[in-house]
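Participant: My questions will all concern the structure given below.
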Amino acid sequence: MLTEKVEKALNRQIRIEAESSQVYLSMASWAEVKGLEGIAQFMYKHSDEERMHMLKLVKYVNERGGHAIVTALDAPKTDFGSFQKMFKELLEHEIFVSQSINDLVHITLEEKDYATHNFLQWYVAEQIEEEALARTILDKINLIGNDKGGLYLFDRDVQQIAVESAAGDPGA
Ligand code: OFO
């Protein structure tokens, strides 16, 4: 059984993952409309991954005798200014999510819920990867500066990352 405190914290995380999925979906749509095909594909893929993170939590909460709650979500923004700004926001968002996972892990220790603590290690590892990927992409963006040819290659590169991560995804 989950303690009330752990269940509440897990439900909070469910909402955060659902909102992350919406944020990246909105980024995907913005990029698609701007003709940034590769970036759009990357964001659609990322949005799907966040939904998977959310579902994994939903299943876990219910399996442990809790009740996963599906709530209304805050609407993401619809305009991201430039792709550079958009990827900066992506990194900031992932840092926020990592913090939230850390807080959640902390609560499981306080509540002596070692099963949930163990379950959350997957999320801890995932956040390290997501932050690292966002930083790698930002480094590439800094390298290309305002070069149009560079943007073309960057868009293709990012698309490749989406394709590769889809291939490595057991659920795909
Ligand atoms: Fe769910 O990992 Fe990104 O936010």
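Participant: Collect the residues in the stretch 36-82 that are more than 18 Å from ILE161 (Cα to Cα) and among the β-branched types (Val, Ile, Thr), keeping them in residue-number order.
Facilitator: The answer is VAL58, VAL61, ILE69, VAL70, THR71, THR78.
Participant: Would you pick out the residues in the stretch 22-32 that are away from the ligand (no atom under 16 Å from the Cβ) and surrounded by fewer than 22 Cβ atoms within 10 Å (Cβ to Cβ)?
Facilitator: Matches in the stretch 22-32: SER29, TRP30, GLU32.
Participant: If I filter the stretch 1-21 down to residues being at pLDDT 95 or above and assigned to a loop (DSSP other than H, G, I, E, B), which single residue comes out as farthest from the ligand (Cβ to nearest atom)?
Facilitator: The residue in question is THR3.
Participant: Regarding the stretch 130-142, can at least one residue be identified that is closer than 18 Å to VAL97 by Cβ, under 17 Å from the mean Cα position of the chain (by Cα) and of a type in the set (Val, Ile, Thr)?
Facilitator: Yes; the residues of the stretch 130-142 include at least one that is closer than 18 Å to VAL97 by Cβ, under 17 Å from the mean Cα position of the chain (by Cα) and of a type in the set (Val, Ile, Thr).
Participant: May I pose another question? Taking the stretch 92-115, which residues are away from the ligand (no atom under 11 Å from the Cβ), within 20 Å of the chain's Cα centre (by Cα) and in contact (Cβ under 8 Å) with a residue 24 or more places away in the chain?
Facilitator: The answer is ASP103, LEU104.
Participant: Look through TYR60, TYR24 and report the one residue that is touching a residue at least 12 places away in the same chain (Cβ under 8 Å), in contact with a helix residue (DSSP H, G or I) (Cβ under 7 Å, 6 or more places away or on another chain), farther than 30 Å from LYS112 by Cβ and outside any loop (DSSP other than H, G, I, E, B).
Facilitator: Result: TYR24 is the single residue among TYR60, TYR24 that is touching a residue at least 12 places away in the same chain (Cβ under 8 Å), in contact with a helix residue (DSSP H, G or I) (Cβ under 7 Å, 6 or more places away or on another chain), farther than 30 Å from LYS112 by Cβ and outside any loop (DSSP other than H, G, I, E, B).
Participant: Okay, next question. Only one of (1) β-branched (Val, Ile, Thr); (2) over 26 Å from LEU151 (Cβ atoms); (3) away from the ligand (no atom under 16 Å from the Cβ); (4) touching an Asp or Glu at 6+ places or on another chain (Cβ under 8 Å) is not met by ILE39, so which one is it?
Facilitator: Single failed check for ILE39: (2).
The values are calculated or read from the model by the stated rules, or taken from the named source; none is laboratory data. In this text the structure is predicted, and so the values were computed from the model without any measurement. Cβ sites come from the backbone with ideal geometry, for glycine too, and all protein chains shown count toward neighbours.
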